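The values are calculated or read from the model by the stated rules, or taken from the named source; none is laboratory data. In this text the structure is predicted, and so the values were computed from the model without any measurement. No Cβ is skipped: glycine too gets one built from the backbone with ideal geometry, and neighbour counts run over all protein chains shown.
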Amino acid sequence: MIRFPHLGITLEHVIKSVSIGGFEIACYGIVLAIAMVTGLLLAMRVARATGQNPDDYFDLGLTAIVVSVVCARIYYVVFSWDYYREHLSEIINLRQGGLAIYGGVIGGVTTVLIFAKVRKMGCFRALDTAVIGLVWGQMLGRWGNFFNREAFGGYTDGLLAMQLPESDVRAGEIMDLMRAHLQTIDGVAYIQVHPTFLYESLWNLGVLLVLLFLTFRVRRKFDGMVFLGYLLLYGMGRFWIEGLRTDQLLWPGTHLAVSQILSGILVAVSLVLLIAGKKYQKGTKEYESKRTVKKKD
């Protein structure tokens, strides 16, 4: 059972898996599969609407999905090595989660750049198109964490506070303040937390709307602008949300969250590149305008 007490919402039958022919399929995996497929379809639709070949993005998407999942797992395992070096057999077990989105983004971006070069597509234009499917996938994929009862934040008594049965949550993710506010309802002990999966899903929805606006409503843009907008906006949201979470991946030997470090870097770099890109675009337009005037003279 999962409860949102201040919203008056009680979800009594939130399952973690479904059984098909005696084989258990994790809801986490089902949600991720839906997110990936629909993200691919959205990228293909954007490609068609912007005069590109959607078949290129179908091929790109199939490759990027595989590479992204592998990279997301590698990223997670690397920064959780203290655990996995003692449990090597669990490295390939994805049924309980354990995918780091930044690892997936790194793998996906690398795939787009290589694929675009091989297919002789514009690299930055390909990134602008593919990133819309990516952020859609992130928005939906976060709900896999909901079914897994993971990726939540510390204690809160805010409007969106979520209550989870203590027995459903990994013990290492329960902080002292959460234990201090345990509530027992009908004989079940609940922790009350920030639903950070929900925060990020809603944030990504906002990012998606901005990217679609940039793609279809802003005329004076340069190739790569939509992608840089994604890095800026997603990085800002992730920096804040990561600070709330209790399952942070830490930089070895420190108490610094890896995702916050990377988010801060991405925000700074993307902001600088956006400003530089706009200045370069403005300078190019002014130069072309002067050349046109001279030709007329």
- Counted residues, segment 166-194 - those being free of Cβ contacts under 8 Å to residues at least 60 places away in the same chain and closer than 21 Å to ARG238 by Cβ: 2
- Restricting attention to segment 92-122, report how many residues are surrounded by 13 or more Cβ atoms within 10 Å (Cβ to Cβ) and within 21 Å of the chain's Cα centre (by Cα). 19
- Task: Identify all residues within segment 174-214 that are in a strand (DSSP E or B) and among the aliphatic types (A, V, I, L, M); write none if there are none.
- Result: ILE185, VAL188, ALA189, ILE191, VAL193
- Query: Does segment 203-212 contain any residue that is more than 16 Å from the chain's Cα centre (by Cα), within 30 Å of TYR280 (Cα to Cα) and surrounded by 15 or more Cβ atoms within 10 Å (Cβ to Cβ)?
  - Reply: yes
- By residue number, the members of segment 42-59 that are in a helix (DSSP H, G or I) and either in contact (Cβ under 8 Å) with a residue 12 or more places away in the chain or under 16 Å from ARG142 (Cα atoms) (or both) are LEU42, ALA43, MET44, VAL46, ALA47, ALA49, ASP56, TYR57, PHE58, ASP59
- Query: Which one of these is β-branched (Val, Ile, Thr) and in a strand (DSSP E or B): THR38, THR10?
  - Reply: THR10
- Message: touching a residue at least 40 places away in the same chain (Cβ under 8 Å), of a type in the set (Val, Ile, Thr) and closer than 21 Å to GLN138 by Cβ: which single residue out of ILE74, ILE15, ILE65, ILE34 fits that description?
- Response: ILE34
- Kindly indicate whether any position in segment 147-165 is out of contact with any Leu (no Cβ under 6 Å at 6 or more places or on another chain), surrounded by 22 or more Cβ atoms within 10 Å (Cβ to Cβ), touching a residue at least 24 places away in the same chain (Cβ under 8 Å) and part of a helix (DSSP H, G or I). yes
- Count, please, the residues in segment 60-90 that happen to be part of a helix (DSSP H, G or I), surrounded by fewer than 13 Cβ atoms within 10 Å (Cβ to Cβ) and not aliphatic (A, V, I, L, M). 4
- Message: Quick check on segment 128-145. Is at least one of its residues at positive phi and basic (Lys, Arg)?
- Response: no
- Query: Do we have LEU262 as in contact with a helix residue (DSSP H, G or I) (Cβ under 9 Å, 6 or more places away or on another chain), of a type outside the set (Asp, Glu), surrounded by fewer than 18 Cβ atoms within 10 Å (Cβ to Cβ) and touching a residue at least 60 places away in the same chain (Cβ under 8 Å) here?
  - Reply: no
- Query: Does segment 17-75 hold any residues that are acidic (Asp, Glu) and at pLDDT 95 or above, and which are they?
  - Reply: ASP55, ASP56, ASP59
- Message: Against the condition more than 23 Å from ARG170 (Cβ to Cβ) and in a helix (DSSP H, G or I), how does GLY108 come out, does it pass?
- Response: yes
- In the set TYR190, TYR230, which member is surrounded by 22 or more Cβ atoms within 10 Å (Cβ to Cβ), in contact with a helix residue (DSSP H, G or I) (Cβ under 8 Å, 6 or more places away or on another chain), under 21 Å from MET1 (Cα atoms) and not β-branched (Val, Ile, Thr)? TYR190
- Message: Just checking, does segment 223-233 include any residue being without any contact (Cβ under 8 Å) to a residue 40 or more places away in the chain and within 30 Å of TYR83 (Cβ to Cβ)?
- Response: yes
- Tally time: how many residues in segment 159-176 are farther than 20 Å from TRP143 by Cα and either touching a Ser or Thr at 6+ places or on another chain (Cβ under 7 Å) or modelled with pLDDT of 95 or more (or both)? 1
